[in-house]
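K.L.:
Let me begin by handing over the structure; questions about it come next.
The values are calculated or read from the model by the stated rules, or taken from the named source; none is laboratory data. Because the structure is predicted, anything quoted here is derived from the model rather than measured. Don't worry about glycine lacking a Cβ; one is built from the backbone with ideal geometry, like all the others, and counts go over all protein chains shown.
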Amino acid sequence: MRTIRVRPKGGDGRPLARADAKDVLEILQKYDGHRGGLIAVLEEIQLRHGYLSSDALRTVSEKSGRSLVDVYGVATFYRSFSLKPRGKHMVCLCLGTACHVRGARRIVDEFQRQLGIKAGETTLDGEFTLETVNCLGACALGPVVVVDGHYFSNVDTAGVKRILKKVRGKSMPRGALAGELSRQ
């Protein structure tokens, strides 16, 4: 399997820009002196650019006076941060015990087949990133799939096609439908 780098696209379809030092400095100044500021800084960098580049993390380290190890430690500890570009749509599948016993592995296999990627990868067109997690906290509704913050419950292999059709058919910015549960 070969790995190809893609440039993620923002909601307007244009490629996301790589964080430059000037942009990172602006964000650092905004949160200067705030308790928990490092997390807020990293969140805003990722929100603007789609991921946390190594250059951005080095700039945060240098300009904030924090060690690079500490900055990378926070960036890699929290699952919400990504060190590589993600697709326009984030597909997250639960592999927790409750979802697993209800066939979550078959759902993962079907997403991988239909998207042509493995978990942890992004499609060549930059549209989808596929990830798996140990638990999404919706055990009674499993197998559960979350796409851009939109929860799909009791998903079966036939539902994968319906979910992808729904996502492709409308613009679903990340988190726009957070908290809404639906059957595929």
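K.L.:
Taking into account only those residues within the stretch 67-100 that are within 25 Å of residue 114 (Cα to Cα) and among the β-branched types (Val, Ile, Thr), which is surrounded by the most Cβ atoms within 10 Å (Cβ to Cβ)?
P.N.:
Only one residue fits best here, namely 91.
K.L.:
If you check residue 104 against the conditions, is it at pLDDT 95 or above and of a type in the set (Gly, Ala, Ser)?
P.N.:
yes
K.L.:
Which numbered condition trips up residue 58, out of (1) free of Cβ contacts under 8 Å to residues at least 40 places away in the same chain; (2) not assigned by TED's automatic domain parsing to the domain that holds residue 30?
P.N.:
All conditions are met except number (2).
K.L.:
When you scan the stretch 145-163, how many residues do you find that are surrounded by 19 or more Cβ atoms within 10 Å (Cβ to Cβ) and touching a helix residue (DSSP H, G or I) at 6+ places or on another chain (Cβ under 6 Å)?
P.N.:
4
K.L.:
Considering each residue of the stretch 44-60, count those that are buried (at least 17 other Cβ atoms within 10 Å of the Cβ) and closer than 17 Å to residue 25 by Cα, and give that number.
P.N.:
Total satisfying the criteria: 11.
K.L.:
Among the residues that make up the stretch 61-79, is at least one of them hydrophobic (A, V, I, L, M, F, W, C) and touching a Ser or Thr at 6+ places or on another chain (Cβ under 6 Å)?
P.N.:
Checking the stretch 61-79: at least one residue is hydrophobic (A, V, I, L, M, F, W, C) and touching a Ser or Thr at 6+ places or on another chain (Cβ under 6 Å).
K.L.:
Conditions first: (1) assigned to a loop (DSSP other than H, G, I, E, B); (2) more than 24 Å from residue 82 (Cβ to Cβ). Residue 106 passes all but one, so which condition is the exception?
P.N.:
(1)
K.L.:
Just name the residue that is nearest to the chain's Cα centre (by Cα) out of those in the stretch 73-88 that are among the hydrophobic types (A, V, I, L, M, F, W, C) and outside any helix (DSSP H, G or I).
P.N.:
Top of the filtered list is 81.
K.L.:
Here is a follow-up. Picking from 69, 74, which residue would you name as being over 23 Å from residue 134 (Cα atoms) and of a type in the set (A, V, I, L, M, F, W, C)?
P.N.:
Matching residue, one of 69, 74: 69.
K.L.:
Now, a different point. What's the number of the condition residue 103 fails, among (1) in contact with a Lys or Arg (Cβ under 8 Å, 6 or more places away or on another chain); (2) on the phi > 0 side of the Ramachandran plot; (3) in the same structural domain as residue 157 (by TED's automatic domain parsing)?
P.N.:
Failed condition: (1).
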